[in-house]
Structures are given as structure tokens and as C-alpha cells.
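The values are calculated or read from the model by the stated rules, or taken from the named source; none is laboratory data. Remember, predicted model here, so these are calculated numbers, not experimental data. As a convention, Cβ positions derive from the backbone with ideal geometry for all residues, glycine included, and neighbour counts pool all protein chains shown.
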Amino acid sequence: MTGFATALTLAFIDGIGFDPFFRGLLSVLVGVVVLIGGTYLIVATNTGTRTGFMISMAGLFGWMFLMGIIWTIYGIGWRGAPPTWELVEINVDDVEDSDDGLLFSEVVEAPVLHGVSLSAPGVDDPDEAQQTALEQARSMELDGWRYLPTSDSIRGEAQASADAILLEEQIYDAGEYLPLQFGGFTVGGKPVLAEDANLIDRVWHFFDETFLNPVHTQELMAIQTRAIIPKPSFPGQAPPVAEIDTDAPLITVIMERDRGGPIPSIISGLRFTPAMFTIFNGLIFLVFAWSLHNRDRREAEIRAAAGV
């Protein structure tokens, strides 16, 4: 019977050693006992058990308060759900009749903008044509909409969401379409910092974004796509290069940015969780700090009354 109990105990210990949950739980408990408990033990030997506990807890929650501030600013650590792009509508060719007042009349066809094409007559350098088209795209006035280059991280997130929507809505099958290079546009949101902004512009942008425009307005994104020309693939050869079919319908996916959280116009769901963590720890830190302050004040009054 004793051997059976020993075998069960060894099996339990062996399970703890290889189970990530128990191993992580034990690591956290050891860290709490060694770090926090060790600090409390050292402080308590000099100030007493009660005062040492209050000092240790004030230091712990003060540190977590500062850590929560960093988490909230950079959106890291214990964070909430990231913002997502929710479908508003899928527009086929007739972009100007969109319910959201989307106006793309200035855009002809990608990669053609204002008559400038990568293969246009008189343009021998493709890089020069690309740069010209890009500059024209950035300078377009589209009823408040602005062009986003493919290198923009926000467009990359929206493109991934648009791809999922197109496949889910069965507009295309996988590999049957391509997003247009000059087919990403956005409107709304917070003020945008210019690419060539200097230090003064960056300081003013921070002041404008934080104090003058603290509320996030509705942010929409439009991603344009076209079907590709079907090309056969032959065994032993490289897959054919995808080519956009300019006669295919222009599909525009219009999405709205869902920032999540209970107050999305002020703070996103991504930063709401660390913000609540920061406030919670800050309040507890203030309680311990205020208690220590009152203790020092009473002690000073007693010393003054005793003439010490």
C-alpha cells in the first residue's frame, strides 16, 4: 500500500514537471515568494511587520502602476482585443453611388492615375512613372478621402481583412484576384502626421491629437480589387505571373474600423485593459501611500508632544 501511494506521488510530481500550466504556476508562486516575500522580510526586520507590509505593498503596486502606464502607451503587456475592420458594403463598379458618399471619380484604373501609366508612351523609366503616379495619388482630393500606399501598416491590416471578407462573401475564390496598387483609401480617424514632418510639426501633432482632437471620428477604409486574367500553368514550369484584367468589374470593399472597448471614441479596446490595470494599481498605491503618510504624521505629532 505504501509503495502504491509513493508511485502515485511520483506520478503527480512527474506530471507537474512536464505540464506547462503547473510549471508556470509554480514558477509564478516561487517568484512571488522569493521576490515580494524577500523584500517584505528585509523591510519588516527594520520597520516592523505592519509597517514593512505597507511599505512593500506600496512599492509593489507603485511599480505595477508605472508598468501599466507603459503598457497603456505602447499597447503591450496585458492588452485587450486589437482593433478590427468590419464590413460596411461591397461596391461593384458603381463606386460613386456608395451609401457612404465615396467619390473616386479622380481615379481611373490602377496603375493609371490622371492618365499616367507605368506603360504610358513617353515614360521610359518605370521607376519615374511609379514615383509620378504615387505623387499624384497622394495629392488627390477625394472628398476627404486620402490615398494610402501599399507600404502603410494600416493598409496592410485592412487588406488582410478585405481578403477574408471577399473569400467569405464568395466574391472571389482564392488566387482569382489582386488588390490594386493605387486602390487603398481612408477617411476619418485622428489627424495624420506628414511624412516629412520636422520636430515642431511632431510636437504640434501630439498636442493636436491629444488635446484638440481627443475623440476618434469614424474611420473608413476602401480597398479596390480586380480579377486576374486566367492563365494555364504547365508542369515543370514556374507559375505564370498574375495580370489584372482591366475589363473585369472593379470591386471596392468599404470597411469601418472597430476600435473595440466600451468607449471606442476615446480609447481603443487594445489599451482599455492596461488602462484599467493602471487605474486599479494606482488607486491601491495611493491607499498604501496615504496610510503611510498618516502614520508618519501621527508619529511626528506624538514625538512633538513628548518633546522628542
If you take the residues of the range 165-184 that are in a helix (DSSP H, G or I) and surrounded by 13 or more Cβ atoms within 10 Å (Cβ to Cβ), which of them is nearest to the chain's Cα centre (by Cα)? 165
Are any residues in the range 26-56 loosely packed, with under 11 Cβ neighbours inside 10 Å and small (Gly, Ala, Ser), and if so, which ones? 27
Taking into account only those residues within the range 195-215 that are surrounded by 10 or more Cβ atoms within 10 Å (Cβ to Cβ) and either among the aliphatic types (A, V, I, L, M) or touching a strand residue (DSSP E or B) at 6+ places or on another chain (Cβ under 7 Å) (or both), which is nearest to residue 267 (Cα to Cα)? 203
Which pairs do you get when a residue that is closer than 22 Å to residue 52 by Cβ, found in the range 296-308, comes within reach of a residue that is exposed (fewer than 10 other Cβ atoms within 10 Å of the Cβ) and aliphatic (A, V, I, L, M), reach meaning Cβ atoms under 9 angstrom, with the pair 6+ apart or on two chains? 302/308
Set 174, 194: member being in the same structural domain as residue 252 (by TED's automatic domain parsing) and within 26 Å of residue 247 (Cβ to Cβ): 174
Return the only residue of 108, 187 being modelled with pLDDT under 60, surrounded by 11 or more Cβ atoms within 10 Å (Cβ to Cβ) and in the same structural domain as residue 231 (by TED's automatic domain parsing). 108
